[in-house]
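The values are calculated or read from the model by the stated rules, or taken from the named source; none is laboratory data. None of these values were measured; they are calculated from a predicted model. Here the Cβ is made from the backbone with ideal geometry for all residues, glycine too, and neighbour counts use every protein chain on show.
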Amino acid sequence: MHVHDILAAATLERDSPTPLFRQLYVHLKDAILDGRIAAGVRLPATRTLCGLLNVSRQTVLAAYEQLMAEGYLQGTVGKGTFVSASLPAGARAGDAATAPMVRPLSARGELIAGGMARVLHHAGPLRAFRASMPGLDLFPFDVWRRLEARHWRHSTGALGYGPGAGYAPLRELLCAYLKASRGVQCTPDQVVITSGSQQALYLLAQLLLAPGEAMWIESPGYQGAVAPFTVAGARVCPVPVDAEGMDVAYAARHYPDARLAFATPSHQLPLGVTMSLRRRLELLRWAEANRAWIVEDDYDSEYRHTGPPLASLQSMDRAGCVIYVGTLSKVLFPALRLGYVVAPPALAVALARAKAVVDRHSPIVPQATLADFIAGGHFARHIRRTRDAYGERRQALVDALDARLGGRLRQGPSDAGLDLCVHFTERLDEEAVARHARDVGVDVRTLGYYTNPQAGAACAIDPGLLLGFSAFTPDAIRAGVADLEQAIQRASV
C-alpha cells in the first residue's frame with residue numbers, strides 16, 4: 001500500500017479528548033513499527049498531509065516533531081521528511097498481525113505472582129459480618145485531616161527521601177507506646193516502619209529463611225502469612241491449634257529442623273484462643289535451644305474486652321529470638337498501609353536496608369501525621385473509644401446469636417479481637433452456608449478457608465464461620481444475625 005493511502009486511512013476522532021496531533025503521531029508510529037511504512041520512505045510534505053487529512057498544518061508539524069524527537073523520522077531542509085533509515089525492518093507488508101510473544105515467568109516469579117492466590121480480599125460494599133475490619137465510623141477523620149494538612153502546608157522536609165527504617169519521631173513514639181501497652185522491650189533503633197504487616201512478613205521471610213528451610217505456621221491461621229514464606233522458598237509446616245494455642249510439642253516432634261515459627265500468641269486467627277503461659281514458655285525454650293526465630297504477629301491485641309491487653313511474647317524473651325510485628329490497619333484504618341517490626345538490633349539494621357531495596361521507605365507524610373496523632377493524645381483516645389464500642393458490638397453479637405441460633409452454633413472465645421469464631425452444632429456444609437449468606441446480603445468467612453491446604457488430619461477443625469463485629473452497629477449486627485439464621489435454615493434443607 002502506498003504511503004499516501006496508509007496516511008489517508010488514518011481515523012482521526014475530532015471529538016476525542018486525545019489531541020489530533022497525538023492521534024496522527026500514534027497512527028504513523030504504528031505504521032512504521034509494523035512495517036507498513038518502511039525505513040527510508042519519504043513522507044508527504046506537511047501542507048500535502050494537511051489537505052489529505054483536513055487538519056491544520058500545526059497538527060502535522062507537531063506529530064512530525066514528536067516522531068523526530070523519538071528517532072522515528074529524520075528531516076533535511078529542502079529534501080523532505082523520511083522514516084529513519086537506521087530503524088530495523090518491521091513486519092513485511094501484508095503479513096497478518098502476530099500475537100504478542102508470551103514470555104514465561106521465572107520459577108521465583110511464578111511463586112510471587114501466585115503467592116496470594118488463595119487469599120480472599122474484601123470487595124464490594126461493607127456488609128455484616130466482614131471479618132477483621134475496624135469500625136471506620138468511629139475514626140476521627142476530621143482530626144487526621146487537620147494534622148495531615150498541616151504537614152502538606154508547612155513540612156517541606158516530609159516531601160524528600162527518608163531513612164529506610166522510617167520516620168524517627170514515629171519510631172520513638174511507637175517504642176514508648178509498645179513498652180507501656182504491651183511490655184515490649186525495645187529502643188527506637190529496633191523499630192522499623194513497613195508498608196503494612198504484609199511487607200514486614202515478606203522482608204523477614206527473605207532475610208531469615210533459605211530455600212528449603214522449614215518454618216512453623218498455625219493451621220488454621222492467617223492465610224496472608226503463608227504467601228511470603230512460600231515465595232521465599234521455605235518449607236511451610238502446618239501446626240495444629242487447640243484451646244492453648246499453637247501445639248508446640250507437636251511442631252517440635254514433627255518438624256524438629258525448623259528455623260522459624262510464626263505465631264499469634266495474644267489472639268489466634270480465626271479460633272480466637274490465647275496461647276497459654278505453658279505453651280509460650282515452651283515455644284521460647286524451643287527457639288533458644290534451636291537458635292530459631294519466632295515471629296510474633298500481634299495484629300489486634302489492643303482490643304481485649306475482659307481486661308487489659310496481655311503482655312507480648314516478646315516481653316518474655318531473654319534470648320533475642322522474638323521478632324514482634326504489628327499493624328495500624330486494625331486500630332486506625334487499612335488504607336493507611338503502615339505496620340512496624342520490633343527486631344533485635346542487628347536484625348533491625350538489616351531489615352531497614354532490605355526495606356530500602358523494596359520501596360526505599362514508607363510515605364513520610366502519613367508517618368508524620370501518625371506521630372502527631374499519637375503525640376497529641378488522639379491515638380490513646382481513639383483506642384479507648386473503639387474498645388468501648390467494640391465491646392458493645394461484641395456483646396450485641398453474642399446475645400443475638402444466643403437468642404436466634406443458640407442451639408445451632410457454638411461460640412468460641414470472644415474476650416479479644418474484632419471477630420468471633422462460631423462452630424456448627426449440626427452437620428452443615430460451610431460453603432453452602434456461606435453461599436446462602438451471600439444471597440441474603442451477609443458476608444462471612446468459613447473456618448475451612450483458614451486451613452492450610454498442606455495440613456493433615458491433625459489440623460482438622462469443626463466446621464464453622466468467622467464473624468466480624470467491630471465495623472457494625474448493634475442494630476446492624478442484630479439484623480445480620482437474622483439474615484444469617486435464614487441462610488443456615490436454607491443450607492440445612
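Scan the stretch 314-331 and tell me whether some residue there is surrounded by fewer than 22 Cβ atoms within 10 Å (Cβ to Cβ), assigned to a helix (DSSP H, G or I) and either of a type in the set (A, V, I, L, M) or not assigned by TED's automatic domain parsing to the domain that holds Pro163 (or both).
Within the stretch 314-331, one or more residues are surrounded by fewer than 22 Cβ atoms within 10 Å (Cβ to Cβ), assigned to a helix (DSSP H, G or I) and either of a type in the set (A, V, I, L, M) or not assigned by TED's automatic domain parsing to the domain that holds Pro163 (or both).
Take the conditions among the basic types (Lys, Arg), more than 24 Å from the chain's Cα centre (by Cα) and loosely packed, with under 15 Cβ neighbours inside 10 Å and apply them to Arg438. Does it pass?
So Arg438 does not fit the description; no.
So Gly407 ticks every box in (1) surrounded by fewer than 14 Cβ atoms within 10 Å (Cβ to Cβ); (2) small (Gly, Ala, Ser); (3) in a helix (DSSP H, G or I); (4) not assigned by TED's automatic domain parsing to the domain that holds Ala176 but one. Which box is left unticked?
Result: Gly407 fails condition (3) only.
Among the residues of the stretch 445-464, are any in a loop (DSSP other than H, G, I, E, B), at positive phi, of a type in the set (Gly, Ala, Ser) and under 25 Å from the mean Cα position of the chain (by Cα)?
Checked the stretch 445-464: no residue is in a loop (DSSP other than H, G, I, E, B), at positive phi, of a type in the set (Gly, Ala, Ser) and under 25 Å from the mean Cα position of the chain (by Cα).
A quick yes/no check of all residues on (1) assigned to a loop (DSSP other than H, G, I, E, B); (2) on the phi > 0 side of the Ramachandran plot; (3) hydrophobic (A, V, I, L, M, F, W, C):
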position	(1), (2), (3)
His423	no, no, no
Ala432	no, no, yes
Arg438	no, no, no
Gly480	no, no, no
Val493	yes, no, yes
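Return the residues of the stretch 172-190 that are part of a helix (DSSP H, G or I) and crowded, with 21+ Cβ neighbours inside 10 Å; say none if nothing qualifies.
Once the filter is applied, which keeps residues that are part of a helix (DSSP H, G or I) and crowded, with 21+ Cβ neighbours inside 10 Å, the stretch 172-190 yields Leu174, Leu178, Arg182, Gln190.
Listed here are the residues, each with its yes/no results for (1) under 27 Å from Ser312 (Cα atoms); (2) touching a residue at least 60 places away in the same chain (Cβ under 8 Å).
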| site | (1), (2) |
| --- | --- |
| Val342 | yes, yes |
| Ala346 | yes, no |
| Leu351 | yes, yes |
| Arg360 | no, yes |
| Thr386 | yes, yes |
| Ala389 | yes, yes |
| Asp399 | no, no |
| Arg435 | no, no |
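Ala232 versus (1) under 19 Å from Leu313 (Cα atoms); (2) without any contact (Cβ under 8 Å) to a residue 60 or more places away in the chain: which is the lone unmet condition?
(1)
Can you tell me which residue among Asp189, Asp142 is charged (D, E, K, R) and over 20 Å from Ser315 (Cα atoms)?
Within the list Asp189, Asp142, the selection yields Asp142.
Look at the stretch 1-56 and say how many of its residues are among the β-branched types (Val, Ile, Thr) and not in a loop (DSSP other than H, G, I, E, B).
6
With the requirement that a residue be in contact with a strand residue (DSSP E or B) (Cβ under 6 Å, 6 or more places away or on another chain), over 24 Å from Gly468 (Cα atoms) and among the aromatic types (Phe, Trp, Tyr), what does the stretch 251-293 give you?
Tyr255, Trp293
Determine whether Ala375 is of a type in the set (A, V, I, L, M, F, W, C) and in contact (Cβ under 8 Å) with a residue 12 or more places away in the chain.
When the stated conditions are applied, Ala375 passes them.
Got a number for residues in the stretch 335-380 being closer than 27 Å to Leu208 by Cα and polar (S, T, N, Q)?
2
Kindly provide the set of residues from the stretch 191-237 that are of a type in the set (S, T, N, Q) and either surrounded by 24 or more Cβ atoms within 10 Å (Cβ to Cβ) or within 15 Å of the chain's Cα centre (by Cα) (or both), ordered by number.
Thr194, Ser195, Ser197, Gln198, Gln199, Ser219, Gln223
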